[in-house]
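Read through the structure below, which is laid out as structure tokens, and then see the notes.
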Amino acid sequence: MAMSVGGNTGGPVSEINVTPLADVMLVLLIIFMITAPLMSHTVTVTVPVAAPKSDEAKIETPPLDLAIKEDGTWYLQDQLVSETQLKSQLAVAAQKTPQPELQIRADKGIQWKTVFKAISDAKDQGMVHVGFMTSAPVKE
């Protein structure tokens, strides 16, 4: 702490208190003294090189097509299936490597809860890739 001794009392003191400045500067000096040697060390690491897979090695699996008609009937690969048959076939397809994509086609007037039921059944059986099929817009 800085003090003024003697002299004029009661007036403003025009001296700068350098004690906090000296404290901050000493702390910064200690920080820089500790971190400076750490900055000079370099670590060399040999990074592995990725070998891109060729297109020939990539196995394409055809997607599964699930069509849902407006009356609530389900067609997997254009064959009529019940809900239990659909679940069993989706469970088998989910075990394949690579897993095929399930593409859902639904009639325009179908209720959303029917489509949601198909999605939740597919996710419950382990299907990861689920997509929707739509028709292209009509160009005039």
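Tabulated results
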{"quantity": "Share antiparallel - DSSP beta bridges, the chain, percent rounded to 5", "calculated": "45"}
{"quantity": "Helix-derived mean residue ellipticity, 222 nm - over the chain, DSSP H n ≥ 4, -39500 (n - 2.57), to 500", "calculated": "-11000 deg cm²/dmol"}
{"quantity": "Entries in 87/108; 113/139; 87/113; 96/117 that, when Cα-Cα distance is taken, lie over 28 Å", "calculated": "113/139"}
{"quantity": "Spin-label pair residue 39/residue 24, simplified geometry with 7 Å Cα→Cβ offset, distance in nm", "calculated": "2.0"}
{"quantity": "Angle between the chain longest axis and helix 112-124 axis [Cα atoms, degrees, rounded to 10]", "calculated": "80"}
{"quantity": "Added length on full extension, which subtracts the Cα-Cα distance from 0.36 nm per residue, residue 51 to residue 78", "calculated": "5.7 nm"}
{"quantity": "In Hz, Karplus ³J(HN,Hα) per residue of segment 73-84 (6.51, -1.76, 1.60; θ = phi - 60°; x = Gly, Pro)", "calculated": "7, 10, 10, 9, 6, 6, 10, 5, 9, 8, 5, 5"}
{"quantity": "Relative contact order [Cα under 8 Å, 6+ residues apart], the chain, whole percent", "calculated": "19"}
{"quantity": "Shape of segment 64-132, Cα gyration tensor, a/c cut at 1.5", "calculated": "prolate"}
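Every number here is computed from the coordinates shown, using simple stated rules; none is lab data. Treat the numbers as computed from the prediction; the structure is a model and nothing was measured. Quick reminder, even Gly has a Cβ in these numbers, built from the backbone with ideal geometry, and neighbours come from all protein chains shown.
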